[in-house]
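*Asks:* Questions regarding the structure given below will be posed in turn.
Every number here is computed from the coordinates shown, using simple stated rules; none is lab data. A quick note: this is a predicted structure, and the numbers were derived from the prediction, not measured. Counting neighbours? That spans all protein chains shown, and the Cβs are built from the backbone with ideal geometry, glycine included.
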C-alpha cells in the first residue's frame, strides 16, 4: 500500500469526471474516493439550500400570519379606506392573487427536466452512453430554457408588482429563487450536453451524470415546494 | 546521493511553458483590474439605465459592487475551470501542478493557488489585515467615548464606524482559525495531501478578498448607521452604503459556506489509514463541527440580505410595516444566523486551544469523547436559542420562557469544555511556553464571559440589561477574551510550522501581559457602564457614565498597545527568528511529523496511524505515526516501510 | 525525533502519608483557594450590584438587583473551582527551568478521563440550571401577571424623542413620564418610524417600539424618585440624544399633576416640583 516514490506527470485519461487519475505525491485517490467526496459535498450544499428554502417559507407564513397593517394582500383596502403601496400610491382594493397556470407549468417543466436526466443516467447503462446522455441532457436543457422563458413571462403578467405588499414581495422572491435555480441548471445541463457529445462519458463512468441528476431533482423539489406554497396559501 | 531512480520532490517538477494555460497570466493585479473594470462597467450601465428609477442610487451601488466581486473572480481565474468544464475540456495534471504553485516561488501567494498551505497563509494575512481595520475603528470608538460629549467624531461618522467595526470583527473572528489553520493544518493533521476540493479552497479565499472592499466603501457611500446587526426598518432607509454592506455579506457567506464544505469533506473522506474518528485530533473535530454550524448559519444570513436588497432596490416590503412587512422578520432571520454564528466563531479556536493545553501539560485531552459530544451538543442547542436576542422586542412574549430554557441549557455542555481544560491541567507537567500563557488567559476570560451571559439569559434581568453596555462587555469577553485569545494561542502554537521560525517569546510575553490586563480594565469598565444604564452604540452619553468610560478607554489603549507589540514580535520573528525544528513542542499529531517547511502534498510517504495524538505518559515505543527524514530513499531499500521509525 | 520515542514520565507525585491532613493534598489546597475565591465572589455579588446599579423604583427593578445577586452568588463557587484548579496547576505542577528550553519537561500521567467526575459535573451543572430556570420562570410569571387598577400609558417613539400619553386622563400628552407610586403601570409602546427601545432605566423593564404594532410591558412602582427613559435600540443619527426624564411621585401629586396640566407638555421645573413633593 505504501509508496516510496513520488509520482508526477501522470497521464490524463479522457474520462468524463475530468480529473487526471494520477494525483501525484504519495497518494493515489481512487475513483470511489472522489465520488464519495463529491456526493457528500453535494448533500452539504443541498442542505444549505434547503435551509435557505425553509427560511423563505418562514418568511411567507410569518408575514401572512402577522398581516401587519392589513397589507399581506390588503384585504381591508377600500376606496373609502385606501392603503398605500411602497411608493405611497393608494391601494383601493385587495391585491389579486397570481394565476396558478404559469406556476404549475414551471414546476412541471422542472420535474420533466429531472426525469429526463434520470432517464439518461439509467438508459445509458443499456445503450450507447454518448447518444443517450447527450439526448437526455439536451432535452432537459431545452425544457429548462422553456421554463426560464415561462418564468420571465409570468413575471410580466403578474397582477401586482414588488411594491404591492407582503404577498406580492414574497411571491416575487419565490419567482426569483426559481429563476436562480433554473439559471444554474442551464449552466450545468449545457456542460453535461457538451461533454456527452465530446465523448467524456463513453468510458462507462457517468458518476457525474448521477450528481447532476441529484441536483436537477433537488431543483425540481424546490420549484414544486414553492409552487405549492403560493397556490395553496395565497 | 542515490541511484538514478531517486525521485525528485514534487515541487521541483519542471512544467512545460504551457502548463496552467490562462492561469499563467492571472494574479492579484489582473484580479483587481477585472474587479475595478467590471465594477466600472456595472456602474456605467446601471447609471445610464437605472438611475432614473425610484431606487436608482441603490440599484447603481448594488450593481457596481456585484460587478466588483464577479470581476475580481474573473480576473484572478476562479471561473476558468468551470467554464472549461462546461466546454468539455478538463485541466491536465500539469495544469493542476501549476495551480498548486509549482515553479512559481513566492509569486504563488499572489495568485489563485490551490495548495492548502498557500491558502492558509493568504488567510492569515487577511485575518491580520481585517483585525487591523477593526481594531483601528475600535480605538476611534473608545477615543470618542473618553468624554461625554466629544467632538472627535460626528454622530453619523460614529454610527458608520460602529457598524463597520462590528462587521469587520465578525468577519475576522469567523475565519481567524478555520481560515489559516483549518486550511494549513487540518489536511496535514488527518494525513491528507490537500483539501478535498483545492480549487474551491482558493475560491473561498478570493471571495473573502472580494468581500472586504465593499465593506470599507460604506464609509464613502454615506455610512451604515444601523450597526452590524442592521435592524430593519432603519437599515431599509439607510444610505446606499447599506447596499455595499449587503454585497459584502452575501460574498462572505458564500466564502464561508464553501470553505465549510471543504473542511467537512476533507475530514470525512481523506483521512490517512488508521486515522479513525476516535484518533482524530480534537482541533479537527472543532473545525468540522464549527464548519457544520456555519453551513446552517450562512444561508440564513443570505436570505436576510437578499430580502434587504430587494426592499431597498425594488420596493418590496419584507421589513416595511406599513406595507405588510415586519422588523421582527428581520430580527428572527438575523438571529437564526446570529446566535449559531458566535459558536462558529468560538468552537474552532477553543478546540485548537485544547491541543495547546494537552501539549503544554504533557497529558492527554481529558474526557476526549465527552468533549467532542459537548461541542456537538453546543451546536445542536445553539440553533434553538436565537430569540434570546429578542426577549425585549415584544414579538412573542409567550416564547420568552422556552428560549430562556434552551439558552440556560447551553451552559451545561459549555461547562464540559471547562472540565476538559482543568482535567487536562490536573497533575500535568505544565510547560509554560508562550502558547500556554494564552490558554490560561482564555480560562480566566471565558468564565467571566460565560457567567455574564447567564445574567442575560434570565428574561427579567435581560429586561434591564438588553441594549446596554453590559451586553457589549459580555460578548467582548467571550469573543475577544475567549475566542480570539484562544486563536492567539493556536497561532503561537503553529507559528513554527507555518513560518519556519520560532516566535520571540520574550516580546510575546510582554504583549501577553499588556493584552491580559488591558482586557480586564477595558471590559470591566464596560460592565460598570452597563450596570449604570448606559445604552449601546451611543456617541454621546450622560455624564454619570464618565468614569466608567474613562476606565474602558484607558484599558483599550493598553490592549491595543499589547496587540501592536504582539504584531511586532510576529513580524520580527517571521523575518529574523530562529529557524524552527520540525517539532519544537514535541507534540504527537501528524502536522509535527512532517518537515518544516512542509513539502507540497505534505507527506513523502503516506502515514499509517496507530494511535491518537495524545499518548503522553503512555508506554508507546514510537510516535503514533512517523515519517522518514526528508531525503527520499530509493525503492526497495530496507528503510522504506512507512509508519515505523527509521 | 528520537527523544519522542523514549517516553519520560516525570517522577510520580509523592504519595501523601496515610493520615495526611486534607490541606496538604492537592485537593485540600485547591479547596482553600476555592473557598477564598468563593468568599470574594459572594462579597462582590452583594457589593457590586448594590453600588453599581441605579436606585430602582419598581418591583421589577428590585427583582433585577436580586437576580444579579443570586446569579453571582451561584456562579462564584463554579468560577472559583475552575480558577482554583487553574491557579493551583501553575503553583504546584509548573515545571521550572523549561521556560526557554527546546526540550519538554517529562510527560504527565496519562489520565484520559474520569467518568464519575464527568457525571458529577453534569449533574451539578444541571441542578444549577434548574435552579436558575425556576427562579427566572417564577419571576417572569409574576412580572406578566395582570393587576387590577393598573394605569395605562401609551408610549410613542420616533426619531429622536419619546411622547407619553395617558388615555385615562383625556389623552394628556407629555414629553416627560410622570407616574404614581405603588401602582402597576402598563405601557403600550409603538413607533412612528423605525424600531426604538423604550427603556425607563430605573423601572428595570424595557420593550421595543415597532412601527404599526403595539407592544406591552408593565412595571409596578414602589419607590419615589426621578428616572430616565433611554432608547436601547440604535435608531439612527441622534440615537444618543433620545432620552426623556421621568419621575415616580405620590398618588396625590400625580393626581394634582394630571389635573393641572391638561394637554400641555411638562416643563423641567414641573418635574422637579412633583418629584420633590414626595
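*Asks:* Please compute, over every Cα-Cα pair in chain C, the percentage with a separation greater than 25 angstrom.
*Replies:* Details: 24059 of 38503 pairs.
Within chain C, distances greater than 25 Å cover 62 percent of Cα pairs.
*Asks:* If you don't mind, another one. Find the all-direction average of the projected area of the Cα convex hull for the stretch C:167-208, expressing the result in square nanometres with one decimal place.
*Replies:* Computing the convex hull of the Cα atoms and averaging its projections yields 3.7 nm².
*Asks:* Related question: According to a simple spin-label model (label point 7 Å from Cα along Cα-to-Cβ), what is the distance in nm between residue C:94 and residue C:171?
*Replies:* It is 7.1 nm.
*Asks:* Using just the C-alpha positions of the stretch B:206-281 as equal point scatterers, what log10 of I(q)/I(0) does the Debye formula give at each q in 0.13 1/Å?
*Replies:* Debye intensities relative to I(0), on a log10 scale: -0.54.
*Asks:* Evaluated at 10 °C with a viscosity of 1.306 mPa s, what Stokes-Einstein diffusion coefficient in µm²/s does the stretch B:53-181 have when Rh comes from the Kirkwood expression over alpha-carbon pairs?
*Replies:* After rounding, the answer is 87 µm²/s.
*Asks:* Is the shape of the stretch B:519-598 best called rounded, prolate or oblate, per the rule: a/c under 1.5 gives rounded, else a/b larger than b/c gives prolate, else oblate, with a ≥ b ≥ c the square roots of the Cα gyration tensor eigenvalues?
*Replies:* prolate
*Asks:* Once you have all Cα-Cα distances for the stretch C:49-153, histogram them in 5 Å bins from zero and send the whole-percent values.
*Replies:* Distribution as computed: 2, 8, 11, 13, 13, 11, 9, 8, 7, 6, 4, 3, 2, 1, 1, 0 percent.
*Asks:* Could I ask something else about it? Just need the relative contact order of the stretch B:346-452 here, percent rounded to a whole number, with Cα pairs under 8 Å and 6+ apart. Write out the running numbers ahead of the final one.
*Replies:* On the way: 89 pairs, mean separation 46.3, N = 107.
Reported relative contact order: 43 percent.
*Asks:* Then there's this: With viscosity set to 1.306 mPa s and temperature to 10 °C, compute the Stokes-Einstein D of chain B, Rh being the Kirkwood radius across alpha carbon pairs; µm²/s, no decimals.
*Replies:* 61 µm²/s
*Asks:* How long are the semi-axes of the equivalent ellipsoid of the stretch C:151-276, taking √(5λ) for every eigenvalue λ of the Cα gyration tensor, in whole Å from largest down?
*Replies:* Numbers: eigenvalues 100, 41, 40 Å².
They are 22, 14, 14 Å, listed largest first.
*Asks:* Computed over the Cα atoms, what is the radius of gyration of the protein assembly as shown divided by 2.2 N^0.38 Å, N being its residue count? Intermediate results must be reported in sequence, preceding the final value.
*Replies:* On the way: Rg = 31.5 Å, N = 1158, 2.2 N^0.38 = 32.1 Å.
Cα-based Rg divided by the globular estimate yields 0.98.
*Asks:* Restricting things to alpha carbons, tell me how big the stretch B:417-476 is in terms of Rg and Dmax, in Å.
*Replies:* 15.4, 46
*Asks:* Could you work out which residue, out of C:240, C:58, C:165, moves most in a Gaussian network model of chain C, that is, has the largest mean-square fluctuation with Cα springs under 10 Å?
*Replies:* Of the options given, C:240 has the highest mean-square fluctuation.
*Asks:* Now for a different question. Pairs of alpha-carbon atoms within less than 8 angstrom and 6+ residues apart define the contacts here; what relative contact order does chain B have, in percent? Present the calculation step by step, with values, prior to reporting the outcome.
*Replies:* Details: 1126 pairs, mean separation 91.1, N = 646.
Averaging sequence separation for qualifying contacts and normalising by length gives 14 percent for chain B.
*Asks:* To the nearest 0.05, what FRET efficiency results for residue A:157 and residue B:87 with a Förster distance of 35 Å applied to their C-beta separation?
*Replies:* The computed FRET efficiency comes out at 0.45.
*Asks:* Taking each residue of B:384-390 in turn, how many C-beta atoms of other protein chains fall within 10 Å of its C-beta, and what is the average?
*Replies:* Rounded to a whole number, the mean comes out at 0.
*Asks:* Per-residue Cβ counts within 10 Å, from other chains only, averaged over A:153-164: what number is that?
*Replies:* Counting other chains' Cβ atoms within 10 Å and averaging over A:153-164 gives 2.
*Asks:* OK, next. For residue C:40 and residue C:259, calculate 0.36 nm times their separation in residues minus their Cα-Cα distance, and state this gained length in nm to one decimal.
*Replies:* Using 0.36 nm per residue and subtracting the Cα-Cα distance, I get 73.6 nm.
*Asks:* Percent of Cα-Cα pairs more than 21 Å apart in chain A, please.
*Replies:* Numbers: 17520 of 27261 pairs.
The calculated P(r) of chain A puts 64 percent of pairs beyond 21 Å.
*Asks:* How high is the relative contact order of chain C, in percent, counting Cα pairs under 8 Å that sit 6 or more residues apart?
*Replies:* Computed value for chain C: 17 percent relative contact order.
*Asks:* Normalized C-alpha radius of gyration of the stretch B:22-90, against 2.2 N^0.38 Å?
*Replies:* 1.32
*Asks:* How would you order A:46-52, B:169-175, B:542-548 from highest to lowest mean count of nearby Cβ atoms within 10 Å?
*Replies:* In descending order of packing, they fall as B:169-175, A:46-52, B:542-548.
*Asks:* Now a separate question. Multiplying the sequence separation of residue A:54 and residue A:97 by 0.36 nm and subtracting their Cα-Cα distance, what value in nm do you get?
*Replies:* Roughly 13.3 nm would be gained on extension.
*Asks:* To the nearest 0.05, what FRET efficiency results for residue B:136 and residue C:186 with a Förster distance of 60 Å applied to their C-beta separation? Please list the in-between numbers first.
*Replies:* On the way: r = 46 Å, r/R0 = 0.77.
Calculated value: 0.80.
*Asks:* Also, I was wondering about something else. Nearest 0.05, what FRET efficiency do residue B:405 and residue B:510 give at R0 = 60 Å with Cβ-Cβ as r?
*Replies:* The formula returns an efficiency of 0.85 here.
*Asks:* Let me ask something else. Per residue of B:612-618, what is the mean number of Cβ atoms on other protein chains within 10 angstrom of that residue's Cβ?
*Replies:* So the per-residue partner count for this stretch is 5.
*Asks:* Now for a different question. Say each of residue B:618 and residue A:79 gets a label point 7 Å from the Cα, pointing the same way as Cα to Cβ; how far apart are those two points in nm?
*Replies:* 8.5 nm
*Asks:* Then there's this: Could you put A:224, A:219 in order, starting from the residue whose Cβ has the fewest other Cβ atoms within 10 Å?
*Replies:* Values: A:224 17, A:219 25.
Ordered by Cβ neighbours within 10 Å, fewest first: A:224, A:219.
*Asks:* Quick check on the stretch B:358-480: what are the equivalent-ellipsoid semi-axes from the Cα gyration tensor, as sqrt(5λ), descending, whole Å?
*Replies:* One finds semi-axes of 32, 17, 9 Å for the stretch B:358-480.
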